[in-house]
Each structure stands twice: as structure tokens, then as C-alpha cells.
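Below is one structure, written out as C-alpha cells, with a few remarks after it.
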Amino acid sequence: MKLAISGTYSSGKTTTSIALSHLTGIPRTHARTMREILPRLLPGRRLEECTIPQLLQLGMARYTERAVHESKLPDGFISDGSSLHEWVYGSVRVAVGLHPGRPRDPAGFRSADEREFFVQVMDAMGAVMRRHAMDAYDAFAHLPIEFPLAADGHRPVSEEFRALSDKLLLDALGQAGIPVRVIGGSLGGRLNQIVGAFDLPTVMPVNKAIGLARSEMSRTDTSDELARRDGRTVVSTAKGPA
């Protein structure tokens, strides 16, 4: 089974995918976040400062990393996110302006023609990434927005951004005809639902898998891109959704 765990920011994708990997014994795959990629690709720049062309550069780097990791697991995997997520992030930033954590910024583009050009670019990019999703994943488990946006500085988005992203993800999955199940509730409930919905094996109790996932999440580096450049790190103490 090649299963993608889908959802927008702060929906619990990472905690769920880690726990599900422990629970089932199926390897997990993912791509580094844009904040993690940024210091090497565009040193000295913050994600919020990136132009649309630079976001395309980051998105393609992340997509390539994701595809390479997936190619090394031909027998199956659990993916934290999917190729669609890179496209969705860029598309929604084009829609809401260049600063998704702030009010709409119509001045982010110099003209309506420039915005329309980047809409077309994102559509072309999306066609490639949707094709990859159709070829790479057997099914999606989509996590709806049920928890507030985590206030850890690691997610440069707004609630409007999250809502638009969630809708775009579900619309894209529907158009692609990829099987998708919406999975909500507590972490334990999600794990049980996913195992049942996709007939997955289990190799340990749910509570043990959750404990291992939360232990891993407690060591997550949430330092910003400039801190990463300087070699400083910040370890998150925030708990994932229960």
C-alpha cells in the first residue's frame, strides 16, 4: 500500500504518519519543509520574503526530494503529505498574495497580468504533480481542519490560507479520481479508522505507536531559516493533536 496522509497546516499529518508507520510497520516517507530547504537554496532569506519564482524553486526542490524518497520504497510507504501539497501551497499563495500570514496583499503583484501569468504557471506545475499523485499513491487519508493553527512560528499561514488549501486539496483529489477517505477525531481514533479503511496490518498496540510518535515530535526542530543558517536550533515542546 502506498498511502498518502493529506491535510493542510496543523491538521496533524506528521504526528499521524509517524504513529501510523510505527503501528503498521510500513515505512514512512516525507520531504523536508520549505523552511528546512531554504537556508541551502536561498541563504539569508525568510520564507515570507520569497517571491513567486523563488517559491516555485523551493516547491520543485521539495517535489524532487519527495519523489526520490518514494522511489526507494517500491513495496509501499506511508507519505507525510504528497506531491499535491507543494502545488497547493504555491497556488494558494498566488491567490491570497505573497504574505499568507497577513491580510490580503494585492500589491504583491505588479499587475493583474502578472498574477494571471503565475496562475498559469502554477496550473502547469499542478498538472505534473497531479500526474505524479495518480501514479505514486494508491489512496489518500485526508485529515480535515479540526485543530487551531499551531502558534510555533513554523507555519507562515493564516486560517484563510488553511481553509483554501484544504478545499483545493480535496477538489484536486476528486478531479484526479484518487481514492480518498476523510479521517477525523482523536489521534487514536484516526489510526484505528485508517487501519480499518485501508485494511492495514498492525505490529504493536495503538497507544505504543502514539507514544513513539509523540516522542519523535518532541524532538522536532522548529527553528526558523535564519537560525538554521547560523547553526542554532529550537526544539519544539508543543504536543501534537490528541
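Readers should treat all values here as calculations from the given coordinates under stated rules, not as data from a laboratory. Please read all numbers here as calculations on a predicted model, not as lab measurements. All Cβ positions, glycine included, derive from the backbone under ideal geometry; neighbour counts span all protein chains shown.
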If the only charges are +1 at each Lys and Arg Cβ and -1 at each Asp and Glu Cβ, what is the size of the charge dipole of region 2-229 around the Cα centre, to the nearest 20 debye? 420
Using modelled amide H (1.01 Å from N, peptide plane; none on Pro or chain starts), what sits under 5 Å from the amide H of Phe77, excluding residues fewer than 5 places away? Lys2, Leu3
Please report the orientation-averaged projected area of region 2-229, defined via the convex hull of its C-alpha atoms, in nm². 11.9
Considering only Leu56, Pro27, Gly44, whose Cα is most displaced toward the positive end of the charge dipole of region 1-93, charges sitting on Cβ of Lys, Arg (+1) and Asp, Glu (-1)? Gly44
Other-chain or far-sequence residues with amide H under 5 Å of Ile26's (modelled H): none
Report, by chain and number, residues whose modeled amide H sits under 5 Å from the one on Val182, excluding near sequence neighbours (fewer than 5 apart, same chain). His142
Along region 16-32, what does the Karplus equation 6.51 cos²θ - 1.76 cosθ + 1.60 (θ = phi - 60°) give for ³J(HN,Hα), rounded to whole Hz, x for Gly and Pro? 5, 5, 5, 4, 5, 5, 4, 4, 9, x, 7, x, 9, 10, 6, 10, 4
Karplus couplings for region 127-144 from phi (6.51 cos²θ - 1.76 cosθ + 1.60, θ = phi - 60°), rounded to Hz, Gly and Pro as x? 4, 5, 6, 5, 4, 4, 4, 5, 7, 8, 10, 6, 6, 10, 10, 9, 9, x
